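Following: one structure in structure tokens, then a few remarks.
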Amino acid sequence: MAAPWEDVLRDKPAIREAASVAVDAALLEGVLMRTEGEPNASDVVNYAPFTLLPSAVPSALFEQAYAVQQDFNLLVDAISQNKEFLEHTLASTIKVDDFTAQLFRIHMQVLEEGLAQSVFLGINRSDYMFDCGVDGTPALKQIEINTIAASFGGLTSRTAAVHGQVLKVLGKSKEASHLLPNNPSKGLALGIAKAWELYGSQSAVVMFLVEEVQRNIFDQRCVENELWNRNIRVIRKRFRDVFEKGSLDDAKRLYMDGQEVAVVYYREGYVPKNYDQQNWEARLLLERSRAVKCPDIATQLAGTKKVQQELSRPGTLERLLPGRAEAVARIRATFAGLYSLDVGEEGDKIAATAIADPDRFVLKPQREGGGNNLYGEELRQVLEKIRDSPERTSYILMDKIKPQPAMNYLLRAHSPLQASECISELGIFGVYVRQGKEMVMNRAAGHLLRTKAVEHADGGVAAGVAVLDTPYLV
Ligand code: ADP
Ligand code: MG
């Protein structure tokens, strides 16, 4: 599945020329990030890291990933409404993982009070790698599904134009014309706009809940601008602002500074460090409100690694999606081996297997955002230490996916231009809107390809490991 530019990869002068065109094209197209030094100001910005060349993606697997996205939307939505499933699945995890436990407590409290929210909006991104079988055939295997703050839908809407120009500069105009258009930010905004409309108050706003440190603001602005273009007002607030200025009226309508909020779109709140006591209180206030939360707390819990592992058990998908055998088959085909480390014989056995052969597995805690998983020798050491303690139930084990590497150049500000052996991860954005029991929107909204050097086992773009890419279908 090599891309048709192996010939130019070693032509250093041509590559250098193309790289300088690429960087300027990225700046012109708006593939931007704020700098580490000034993460909350736009006076100095830089390009977000990206590959010089698009990476080859097998077209059959690309289509498979799109074809299963509506199924995953239905699945996530079904889990979020299944109190017993979440309770049962997360029971062992919440005993040892405080963060998941706190989310779960809010989930239960809101259910006990009775849900004020009647319109539901899901924006997720299902991520895959192409596992290389013994005979060399690649297979689509899901890494995880992100149900909160799935990012880069904005910036990735602009990388195809950059890569198209790079290919032209390198004498590959025909290939440039084959790059697919891709605009997740528009699809995401359509979902938010639909939820806003169904909420039914012309004067209400959409609130982006954002982090204290906002380096990736341009990615979010892409979605914001799509909403402004539809005459929907957007405000950006932090948990701290909600704590200080948020309130509910008698009908649990959410107000910020006296402004009614129709939709809360979280780009924050997915890791423990996002929360102090006040932020937890702010989260609870938002969850109790009738505003459309994207995601609501149940949907966030549906995206935990523990839930992912439980889904791979025989019979679970069938129970969650009754009468949808084809959807179940499409979903299951993307699953890699996943294993519970719960206390008991099953967990003992797989822990022993992983300690004996750590390179076959990835050890994952209930965390998001990259850089948390354990591999190889480190996996072995940690697992050995916790194998006889309940602490091990805060992790899951997963088969390690082994993609075929390909040569590319990763362009990063202030870094030398050098070729790297790379592997890619494909994400498909899913958007759905449910009103009461009725699905009123369910679609795939575009894709994201991220690529990293093989020497990094873990980590996304925000973690400084992966870079933005564009798929070239082969
Ligand atoms: P996070 O929620 O932190 O993003 P992920 O499950 O997506 O957690 O893992 C982070 C990164 O680790 C992925 O982007 C991928 O590069 C790598 N990774 C995760 N699972 C596997 C796996 N099963 N095989 C190989 N690499 C993996
Ligand atoms: Mg991930």
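The values are calculated or read from the model by the stated rules, or taken from the named source; none is laboratory data. What you see is a predicted model; the values in this text were computed from it and never measured. No Cβ is skipped: glycine too gets one built from the backbone with ideal geometry, and neighbour counts run over all protein chains shown.
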Hits in segment 247-262 - residues which are of a type outside the set (Val, Ile, Thr) and assigned to a strand (DSSP E or B):
247, 248, 254, 255, 256, 259, 260, 262
Go through (1) without any contact (Cβ under 8 Å) to a residue 12 or more places away in the chain; (2) of a type in the set (D, E, K, R); (3) part of a loop (DSSP other than H, G, I, E, B) and name the single condition residue 63 misses.
(3)
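Looking at segment 268-299 only, could you name the residues that are touching a residue at least 24 places away in the same chain (Cβ under 8 Å), out of contact with any strand residue (DSSP E or B) (no Cβ under 8 Å at 6 or more places or on another chain) and not in a loop (DSSP other than H, G, I, E, B)?
272, 274, 278, 279, 280, 281, 283, 284, 297, 298, listed by residue number.
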Only residues that are under 17 Å from residue 205 (Cβ atoms), surrounded by fewer than 15 Cβ atoms within 10 Å (Cβ to Cβ) and of a type in the set (Asp, Glu): list them for segment 245-299, please.
249, 257
For residue 297, which of the numbered conditions (1) more than 16 Å from ligand 1 (Cβ to nearest atom); (2) hydrophobic (A, V, I, L, M, F, W, C); (3) over 17 Å from the mean Cα position of the chain (by Cα) fails to hold?
(3)
Can you tell me which residue among 474, 454, 440 is within 14 Å of residue 56 (Cα to Cα), surrounded by fewer than 16 Cβ atoms within 10 Å (Cβ to Cβ) and not acidic (Asp, Glu)?
474
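Residues that are in the same structural domain as residue 273 (by the TED database) and within 16 Å of ligand 2 (Cβ to nearest atom): find the helices (runs of 4 or more DSSP H) completely inside segment 305-411 holding 2 or more of those. Explain how you work it out, then say what you get.
On the way: elements: 305-311, 316-320, 325-332, 345-356, 376-386.
The helices (runs of 4 or more DSSP H) meeting that bar are 305-311.
In segment 418-433, is there at least one residue being away from ligand 2 (no atom under 16 Å from the Cβ) and without any contact (Cβ under 8 Å) to a residue 12 or more places away in the chain?
As a first pass, look at segment 418-433 and keep what is away from ligand 2 (no atom under 16 Å from the Cβ): 418-422, 431-433.
With the extra rule that they be without any contact (Cβ under 8 Å) to a residue 12 or more places away in the chain, the set shrinks to 418.
Scanning segment 418-433 turns up at least one residue that is away from ligand 2 (no atom under 16 Å from the Cβ) and without any contact (Cβ under 8 Å) to a residue 12 or more places away in the chain.
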A careful count of residues in segment 393-434 that are more than 30 Å from residue 97 (Cβ to Cβ), among the charged types (D, E, K, R) and away from ligand 1 (no atom under 16 Å from the Cβ) gives 1
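Please find, within segment 457-466, the residue that is surrounded by the most Cβ atoms within 10 Å (Cβ to Cβ) out of those that are at pLDDT below 85 and within 12 Å of ligand 2 (Cβ to nearest atom). Quick ask: steps written out before the conclusion?
Looking only at segment 457-466, we keep the residues that are at pLDDT below 85, and these are 457-464.
Adding the requirement that they be within 12 Å of ligand 2 (Cβ to nearest atom) leaves 458-463.
Details: 458: 16, 459: 17, 460: 21, 461: 25, 462: 17, 463: 14.
Residue satisfying both the conditions and the ranking: 461.
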